[in-house]
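Everything on this sheet refers to the single structure shown next.
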Ligand code: 13P
């Protein structure tokens, strides 16, 4: 588990952020330099996060290329320019203290749904992995804008993942591993949903059942 209070220059934290970005390519949820990755950390007494730099291929990432951004005012400190999406990372960290890592992707099946402005309804119980009875799709706004950050925070209310219309996916977690796993899960669910749609709109599980599933997930995997 990544402690959110690790210092921003922690070699282990920087290595894990780079490994997560590379894993997003290796697992096929990103290609080339799509997406970005961040994780909470501290710079002295300043709370913030390190984020992948803008437009640097993940294979070429070095620990020094990651950029520290203050949560308080969005001020970036680093040798490179922070990801163009630093605003929605910042606004999500500011709004959601329990989230400590964010993975953004353009994963193909989820993005295909998002291009129709469609989220993922409770057609399958695993949708609850994102924290609720559906995975919403935020309305379109230009990448990197405060409007996109606002839309993302709204779509993410009570959830750990959302789609972004005509754009992609945001998945969050308490750790980088959790955020990456959820990004992969969202892509997998979107793929199944698109398959199910081939024979018509599938029925959805009702709210009571999804509440039961969310409760059971609370103890799932615990000895
Ligand atoms: P950055 O290279 O600036 O992170 O942009 C990639 C992206 O996916 C923007 O949405």
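Looking at segment 39-61 only, could you name the residues that are assigned to a strand (DSSP E or B) and within 14 Å of the ligand (Cβ to nearest atom)?
The answer is 49, 50, 51, 53.
Quick one: which of 90, 80 is within 13 Å of the ligand (Cβ to nearest atom) and either more than 15 Å from the chain's Cα centre (by Cα) or outside any loop (DSSP other than H, G, I, E, B) (or both)?
Of the residues listed, the single one that is within 13 Å of the ligand (Cβ to nearest atom) and either more than 15 Å from the chain's Cα centre (by Cα) or outside any loop (DSSP other than H, G, I, E, B) (or both) is 80.
Might you check whether a residue that is in a strand (DSSP E or B) and within 11 Å of the ligand (Cβ to nearest atom) occurs anywhere in segment 65-77?
yes
With respect to residue 36, is the statement that it is within 13 Å of the ligand (Cβ to nearest atom), under 25 Å from residue 190 (Cβ atoms) and exposed (fewer than 15 other Cβ atoms within 10 Å of the Cβ) true?
So residue 36 fails the test.
Filter segment 177-195 down to the residues that are within 16 Å of the ligand (Cβ to nearest atom) and within 11 Å of the chain's Cα centre (by Cα), then identify the one that is nearest to residue 41 (Cα to Cα).
179
List every residue pair whose Cβ atoms sit under 6 Å apart, with the two residues 6 or more apart in sequence or on different chains, where the first one lies in segment 35-58 and is closer than 15 Å to residue 101 by Cβ and modelled with pLDDT of 95 or more and the second, anywhere, is more than 16 Å from the ligand (Cβ to nearest atom) and in a strand (DSSP E or B).
Pairs found: 42/7; 48/70; 49/40; 50/41.
What number of residues within segment 95-151 are more than 22 Å from residue 51 (Cα to Cα), assigned to a loop (DSSP other than H, G, I, E, B) and within 16 Å of the ligand (Cβ to nearest atom)?
Residues flagged as more than 22 Å from residue 51 (Cα to Cα), assigned to a loop (DSSP other than H, G, I, E, B) and within 16 Å of the ligand (Cβ to nearest atom) within segment 95-151 amount to 2.
Would you pick out the residues in segment 198-212 that are closer than 13 Å to residue 125 by Cβ and part of a loop (DSSP other than H, G, I, E, B)?
Correct list: 202, 203, 204, 205, 206.
Residues in segment 78-94 that are over 16 Å from residue 66 (Cα atoms) and touching a residue at least 60 places away in the same chain (Cβ under 8 Å): how many?
Qualifying residue count, segment 78-94: 3.
The values are calculated or read from the model by the stated rules, or taken from the named source; none is laboratory data. None of the values given here were measured: they were computed from a predicted structure. Don't worry about glycine lacking a Cβ; one is built from the backbone with ideal geometry, like all the others, and counts go over all protein chains shown.
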